[in-house]
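Each reported figure results from applying straightforward, stated rules to the coordinates on display, with no laboratory input. Because the structure is a prediction, the values reported are computed rather than measured. No Cβ is skipped: glycine too gets one built from the backbone with ideal geometry, and neighbour counts run over all protein chains shown.
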Amino acid sequence: MKIPTPFAFDLLTPKRIIFGWGRRRELGDMIASLGTRCFIVLGSRTLSQHALFNSIQNSLEIAGITANTPEWISREPLVSDVDQAVQRAREWKADVVLGIGGGAALDLAKAVAALTPQVMHASVSDYLEGVGRELSLTKQPLPNLLMPTTAGTGSEATKNAVISSPQAQFKKSLRADSMLTDVALIDPELTVTAAPNVTLHSGMDALTQCLESYLSCRATVVTRTLALEGFRHAWTALPLVMQNPESRTARESMSYAALLSGIALANSGLGLAHGVAAALGIHAAIPHGLACAIMLPVALQVNLASSRDDLGELDAARADTNTGSAESLIEAIRTLSRNMGLPERLRDVAVRKEQLAVIATSSGGNSMRGNPREITDAELRDILHRAW
Ligand SMILES: [Fe+2]
């Protein structure tokens, strides 16, 4: 593996990472080490009626924790979702926050933990990057624990929460180093009951995150090592988990890949596919992982000339290749997507041609800054037309 120069890095990670099949049973004790009044954010209302959630409530009770009636969220959080949840967490005098669910629930939990203690009672939109007043967090976030139920976003290991506003047409991050969680508790068994399209889309998100953070112009030797390891696991496990959703080894590999992709991206940034995916979410309501799946081969093709050696290294890491070529990797990703029934073009997911201009305009943002080479606005419009 080529080592980026200079050979120097910072590495920000959760304070503690607990990983393993069935380890959700350690939740009560871990929460008790962080606080006594626990504000719970769940990924869906149905999760609160699930036997799994009963066992979680029992473990909190045994550990002497008082918990709220959980907040639930089944979409990527909006400004209003965050503001309301922060208000309730303050009224409820929460001293610890627990997020259980996919990336949306974990992002909402992170935002609530970050904003609840702030002295300035402003809307989350005042704290977002590139929106409004861009206030800074002056108080430490509430202690928090994140427990993912999908294998994809890596949100349990990142320092930002993605917040959208359909009215103002943005999807921006609340971001601070202090938002890295106290405990990421990853129990791959929790992902077994995810719906097939959730498993597929979140798996493609993890795969895209591994590849984009590996190629990022801000990658370091350690983020590359993590991204490559995550890519190896996701590449082999994703087809297996789609064939056999109950495969323990495949689920473990996917959760591991998602975690590594989150640590890598939090420290290296991403690239073109994620830059465009955010805009596709806002303007065409395309789910994040699906948008990543469509844009991944496009982004790799665009970066082919500047990242040929890196793409070759990634190709050589696949268990099912002996070529080590950039073209072979891109073709293999197209084949993987096709075999799993994913759409290939933007028109296949109901993006209208006249939307491409606004999608291009709002595709910038933090994600795009990691792209291995600069992309002009005119080139981006051209890329989107070709992907349509
Ligand atoms: Fe992502």
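Can you put 71, 379 in order of Cβ neighbours within 10 angstrom, beginning with the fewest?
Values: 71 21, 379 12.
Arranged by neighbour count, lowest to highest, 71, 379 become 379, 71.
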### Query
Among rounded, prolate and oblate, which fits the range 110-161 when a ≥ b ≥ c are the square roots of the eigenvalues of its C-alpha gyration tensor, a/c under 1.5 means rounded, and a/b larger than b/c means prolate?
oblate
### Summary
By the Cα gyration tensor axes a ≥ b ≥ c (a/c under 1.5 gives rounded; else a/b larger than b/c gives prolate, otherwise oblate), the shape of the range 23-186 is prolate
### Nearest-ten-degree value, helix 248-268 long axis tilted from longest Cα axis of the chain
80 degrees
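Within a 10 angstrom radius of the beta carbon, how do 318, 373 rank from fewest other beta carbons to most? All intermediate terms of the calculation are to be shown ahead of the outcome.
On the way: 318 18, 373 13.
Placing the least packed residue first, the sequence is 373, 318.
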#### Entry: Stretch gain in nm, segment residue 57-residue 10, where the contour uses 0.36 nm per residue and the Cα spacing is subtracted
13.2 nm
#### Entry: Of 2/110; 159/353; 110/353; 2/139; 93/159, those spanning more than 32 Å from alpha-carbon to alpha-carbon
2/110; 159/353; 110/353; 2/139
### Summary
Simple spin-label estimate for residue 319/residue 121, 7 Å along Cα→Cβ, in nm, reads 5.5 nm
### Query
How many angstrom separate the Cα center of the range 334-372 from the Cα center of the range 29-96?
34 Å
### Query
Over the range 1-145, what is the relative contact order in whole percent, taking alpha-carbon pairs under 8 Å and six or more residues apart?
25 percent
### Message
How are the alpha carbon pair distances in the range 231-373 distributed across 5 Å bins from zero to the largest one, expressed in percent?
### Response
2, 10, 15, 21, 22, 17, 9, 3, 0
### Pair residue 379, residue 308: separation of 7 Å Cα→Cβ label points (nm)
1.6 nm
#### Entry: Overall dimensions of the range 75-157 by Cα: Rg and Dmax, Å
12.3, 35
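Classify the chain: rounded, prolate or oblate, from the alpha-carbon gyration tensor (a ≥ b ≥ c, eigenvalue square roots; a/c under 1.5 rounded; otherwise prolate if a/b is larger than b/c)? It would help to have the intermediate numbers written out before the result.
Working: a/c = 1.68, a/b = 1.37, b/c = 1.23.
Verdict is prolate for the chain.
Taking 8 Å as the Cα distance limit and 6 or more residues as the minimum spacing, I'd like the relative contact order of the chain as a percentage.
On the way: 798 pairs, mean separation 60.9, N = 388.
For the chain, the relative contact order is 16 percent.
Grab the DSSP H runs of the chain that are 4 residues or longer, score each as -39,500 (n - 2.57), total them, divide by all residues and round the 222 nm result to the nearest 500 deg cm²/dmol.
On the way: 15 runs with 184 residues, N = 388.
Estimated from H runs of four or more residues: -15000 deg cm²/dmol.
Fewest first, what order do 73, 18 take by the number of other Cβ atoms within 10 Å?
Taking fewest neighbouring Cβ atoms as first place, the list is 18, 73.
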### Query
So which residue, out of 124, 349, 276, gets the largest mean-square fluctuation from a GNM of the chain using Cα contacts under 10 Å as springs?
349
